[in-house]
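Presented below is the structure to which this report refers.
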Amino acid sequence: MRTKFFLGILGLLISATHNSVGGVEKSAHEIYEIRTTWDNQTVSTDDIVRLEFSSADNGLVIDISAPFYNDPKPSGNPGRQPGLWNYEVVEAFFLGPNNKYLELEFGPWGHYLALYLEGVHNVTNYDIPISHYTTSHSTTSSTWTGRAIIPSRFFPPGVNSFNAYSIHGVGKDRTYMSLFPVGFNTSANPDFHRLDRFQPINLSNFINVTTPMNP
Ligand SMILES: *[C@@H]1O[C@H](CO)[C@@H](O)[C@H](O)[C@H]1NC(C)=O
Ligand SMILES: *[C@@H]1O[C@H](CO)[C@@H](O)[C@H](O)[C@H]1NC(C)=O
Ligand SMILES: *[C@@H]1O[C@H](CO)[C@@H](O)[C@H](O)[C@H]1NC(C)=O
Ligand SMILES: *[C@@H]1O[C@H](CO)[C@@H](O)[C@H](O)[C@H]1NC(C)=O
Ligand SMILES: *[C@@H]1O[C@H](CO)[C@@H](O)[C@H](O)[C@H]1NC(C)=O
């Protein structure tokens, strides 16, 4: 079981608890890299998206480091952006028992979207507020970074698996990437709600969902 778990986490580079950096106790963090399309085609190294999870007071810190494609920008101000999945975006989904899951989406311009679902594609809250999301990039640089802090109470109780995604490009160049892909399939369309593809994660180094909002 443990072997299978680690084989599944091909994208996991570092899983460290309390490693000492320059004498300063650095808290736990995990790094994942999205290296495949949604249907398991290897992407160019220029397209790799990196996510790092660590801990804040009562929340999960998500640090994103991604290529910047400068796709068309959402017209809305930074902040909550309905339909963010139609733009350049990095996503992470966290799943608990009974198919309850949190869907998080982040754009390079400071837009986000956070949804809660109960059952596949069954959104029960379209409007979870994320008060901390900041980004950094310039139109001349080829990468962007983002940092979100997601309060523990927004996660499904018993959260135990996840997947992460990235979308970029316009029209025929639109590219859908997954950390944990489905098998190569020329006839299917990308679907990020394939909960059967999610892989285990133990978030208790970062958060404990003691008082879930059950949004
Ligand atoms: C969608 O969620 C609602 C609210 O929890 C629930 O009543 C309903 O059964 C769910 N539908 C599906 C198809 O899961
Ligand atoms: C994805 O491809 C790799 C080899 O390139 C293979 O080992 C792995 O099993 C594939 N995953 C799926 C879900 O098909
Ligand atoms: C490919 O996708 C189609 C349409 O969703 C599905 O019917 C078929 O079973 C899939 N094939 C494989 C090998 O997963
Ligand atoms: C998750 O990690 C915590 C702290 O390291 C540990 O106590 C717990 O047993 C782990 N849970 C699972 C399901 O592995
Ligand atoms: C969560 O609970 C586990 C088990 O009690 C504990 O080991 C861990 O340190 C806690 N994590 C946080 C972030 O408080």
For region 185-215, how many residues are more than 28 Å from Thr143 (Cα to Cα), in a loop (DSSP other than H, G, I, E, B) and either away from ligand 2 (no atom under 16 Å from the Cβ) or over 15 Å from the mean Cα position of the chain (by Cα) (or both)? 14
Extreme residue, farthest from ligand 2 (Cβ to nearest atom), among residues of region 159-184 that are small (Gly, Ala, Ser) and farther than 16 Å from Thr36 by Cβ: Gly171
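Could you name every one of the strands (runs of 3 or more DSSP E) located completely within region 109-166 that has at least 2 residues being modelled with pLDDT of 95 or more and within 16 Å of ligand 5 (Cβ to nearest atom)?
Numbers: elements: 111-118, 123-125, 132-136, 143-151.
Qualifying strands (runs of 3 or more DSSP E): 143-151.
The values are calculated or read from the model by the stated rules, or taken from the named source; none is laboratory data. Since this is a predicted model, take the numbers as computed values, not measurements. As a convention, Cβ positions derive from the backbone with ideal geometry for all residues, glycine included, and neighbour counts pool all protein chains shown.
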